Amino acid sequence: MTVVYMESERLWFRAPEQSDAAFFTQALQDPRVRRNLLVGRYPFNVASEEAWMARHSEPPAMDNQTDVVMAFGIKGEDRALGASGLHRISAIHRNAEWGITIGRPEEWGKGYGREVARAMLKYAFETLNLHRVYLRVNADNMRGIKAYKAAGFVEEGISRQHMFVEGEYLDMVQMGVLRPEWRD
Ligand SMILES: CC(C)(COP(=O)(O)OP(=O)(O)OC[C@H]1O[C@@H](n2cnc3c(N)ncnc32)[C@H](O)[C@@H]1OP(=O)(O)O)[C@@H](O)C(=O)NCCC(=O)NCCS
């Protein structure tokens, strides 16, 4: 097993490894997965995924990293199940945008999404000292919206027809959690 950075009840979390690249290259381009993601609108190969991972796993020299990405997997398994990141971390506003992908659709709906959300919120608030974590989700991604609400996110607003997905414009839901209202 490679180095583990943090754990939740059923999952481990660590920096993405080069050995994850083939899995993520396949998973992020699976039509079932990529329809709800910002990435995956253009084809990409393992070499570009490896380069992306190398950029996102450099040890930070100072406490001003703007993106933190973790691969996560099921305890007892070495291979990754998905990835989750805090992006556009603002040192001034103490906020960040959170994202998640579970790359194996057969594992959806088993509560892993909310478990990752809870673990990443704990990391955001207790390790990175953030004040607010927000996310954007397609309005028809009910699986995601239910998982995020279960983890403590509340709906804050809708951007009408913000996303173009499989031939139609979809509304985008903005959700957020503030540290004072967050319960571990
Ligand atoms: C969105 C995603 C992270 C959610 O993770 P998950 O592990 O599937 O979520 P959970 O199991 O914690 O919760 C899923 C909820 O949706 C419900 N659900 C399951 N299948 C469903 C379906 N077909 N339609 C509607 N709801 C469904 C579950 O019952 C559960 O709701 P509950 O709290 O009422 O029981 C995961 O499905 C995923 O990675 N999808 C592909 C990529 C993606 O959408 N990323 C997020 C972009 S914002």
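The values are calculated or read from the model by the stated rules, or taken from the named source; none is laboratory data. Just so we're clear, the structure is a prediction, and the values are computed from it rather than from any experiment. Every residue, glycine among them, receives a Cβ derived from its backbone with ideal geometry; neighbour counts consider all protein chains shown. Areas reflect the complete protein model, heavy atoms only, side chains present, ligands, DNA and RNA absent. Shrake-Rupley method; radii C 1.70, N 1.55, O 1.52, S 1.80 Å.
Descriptive notes on the structure:
- Of the residues contained in region 157-178, one or more are found to be away from the ligand (no atom under 11 Å from the Cβ), open to solvent by 70 Å² or more (accessible area, probe 1.4 Å) and of a type in the set (S, T, N, Q).
- Only one of Arg88, Arg118, Arg114, Arg143 that is loosely packed, with under 15 Cβ neighbours inside 10 Å and within 14 Å of the chain's Cα centre (by Cα): Arg88
- For Pro59, the requirement of being closer than 25 Å to Leu130 by Cβ and at pLDDT 90 or above is not met.
- Selected residue (only one of Arg143, Arg118 is more than 8 Å from the ligand (Cβ to nearest atom), within 26 Å of Ala80 (Cα to Cα), in a helix (DSSP H, G or I) and basic (Lys, Arg)): Arg118
- Residue in region 31-53 that is within 16 Å of the ligand (Cβ to nearest atom) and polar (S, T, N, Q) present: yes
- Number of positions in region 27-47 that are of a type outside the set (D, E, K, R), exposed (fewer than 15 other Cβ atoms within 10 Å of the Cβ), in contact (Cβ under 8 Å) with a residue 12 or more places away in the chain and not in a loop (DSSP other than H, G, I, E, B): 1
- Of Ala150, Ala71, Ala96, all but one fail to be touching a residue at least 24 places away in the same chain (Cβ under 8 Å), of a type outside the set (Lys, Arg), over 22 Å from Glu17 (Cβ atoms) and part of a strand (DSSP E or B); the exception is Ala96.
- All positions within region 26-46 that are of a type in the set (Gly, Ala, Ser) and at pLDDT below 95: Gly40
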